[in-house]
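Before any comments, here is the structure.
The values are calculated or read from the model by the stated rules, or taken from the named source; none is laboratory data. What you see is a predicted model, and the numbers here were worked out from it, not measured in a lab. Counting neighbours? That spans all protein chains shown, and the Cβs are built from the backbone with ideal geometry, glycine included.
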Amino acid sequence: MSLDVGDLPDARITDLVDKQVTRYHAVAARLASNCVQVKTWCVTAVGAIAALAVNNDEPALFGVGLAIVAIFMALDVQYLWLERRFREGAHQLVQRASKGEIEALSELFATRAPPRGERGGVLSVVKSFTILPFYVFVAALLIVGAVAT
């Protein structure tokens with residue numbers, strides 16, 4: 001199938017789609033940065049709790065550490081889930097623009113998170129390589145610390 005120049009979208013629409021995709025990717029990049037910060041704060045908080053537990057001979061504080069790990073994991077899952085939604089939204093926008101399915105300019109200026117895509121839900125995010133191994137490892141360290149104390 002050959003592509004005719006007449007089949008290409010208007011340059012203004014292409015520019016608007018490009019700008020919206022850039023916005024989506026900027027939001028996704030900020031969310032990815034937040035994921036890194038969550039892991040950093042998790043290690044810091046858990047390290048502080050573990051030090052308190054060992055220094056004060058209070059193994060019950062390791063339970064507090066596990067609760068902190070669960071809270072940070074939930075926050076990390078939320079950020080990664082939103083990041084995936086924005087990346088999927090950018091992909092869908094490009095697909096729809098290439099097929100000529102953009103019906104209103106408001107679709108190119110939306111600031112809300114795109115609708116859920118087909119990439120899976122929160123469970124697929126929890127099982128991702130960037131979430132599950134990290135938090136299981138930190139939780140396992142806390143459990144070993146509680147048993148050893």
>> Please go through region 74-84 and give me each residue that is within 11 Å of VAL125 (Cα to Cα) and not hydroxyl-bearing (Ser, Thr, Tyr), ordered by number.
In response: ALA74, ASP76, VAL77, GLN78, LEU80, TRP81, LEU82, GLU83, ARG84
> small (Gly, Ala, Ser), at positive phi and either assigned to a loop (DSSP other than H, G, I, E, B) or more than 12 Å from the chain's Cα centre (by Cα) (or both): does that describe GLY65?
Replying inline: no
>> Could you tell me how many of the residues in region 77-100 are in a helix (DSSP H, G or I), among the basic types (Lys, Arg) and more than 24 Å from VAL136 (Cα to Cα)?
In response: 3
> Counting just the residues of region 124-149 that are modelled with pLDDT of 90 or more, under 16 Å from the mean Cα position of the chain (by Cα) and of a type in the set (A, V, I, L, M), which one comes out surrounded by the fewest Cβ atoms within 10 Å (Cβ to Cβ)?
Replying inline: LEU132
>> Of everything in region 101-112, what is in a helix (DSSP H, G or I) and surrounded by 13 or more Cβ atoms within 10 Å (Cβ to Cβ)? Give them in sequence order.
In response: GLU107, LEU108
> Restricting attention to region 53-62, and to residues there that are in a helix (DSSP H, G or I) and touching a residue at least 24 places away in the same chain (Cβ under 8 Å), which single residue is surrounded by the fewest Cβ atoms within 10 Å (Cβ to Cβ)?
Replying inline: VAL54
>> Let me spell it out: the conditions are (1) modelled with pLDDT of 70 or more; (2) farther than 20 Å from ARG96 by Cα; (3) loosely packed, with under 14 Cβ neighbours inside 10 Å, and GLY120 meets all of them except one. Which number is the exception?
In response: (1)
> Counting just the residues of region 28-52 that are over 17 Å from ALA74 (Cα atoms) and hydrophobic (A, V, I, L, M, F, W, C), which one comes out surrounded by the fewest Cβ atoms within 10 Å (Cβ to Cβ)?
Replying inline: ALA51
> In the list ALA74, ALA45, ALA50, which residue meets the criterion of being within 23 Å of ALA140 (Cβ to Cβ), touching a helix residue (DSSP H, G or I) at 6+ places or on another chain (Cβ under 8 Å), of a type outside the set (Lys, Arg) and free of Cβ contacts under 8 Å to residues at least 40 places away in the same chain?
Replying inline: ALA45
> Which condition does PHE72 not pass, out of (1) crowded, with 18+ Cβ neighbours inside 10 Å; (2) under 15 Å from the mean Cα position of the chain (by Cα); (3) modelled with pLDDT under 95, if it passes all the others?
Replying inline: (3)
> Could you give every pair whose Cβ atoms fall below 8 Å, whose first residue belongs to region 122-138 and is free of Cβ contacts under 8 Å to residues at least 60 places away in the same chain, and whose second residue is assigned to a helix (DSSP H, G or I) and among the basic types (Lys, Arg), counting only separations of at least 6 or pairs across chains?
Replying inline: VAL125/ARG84
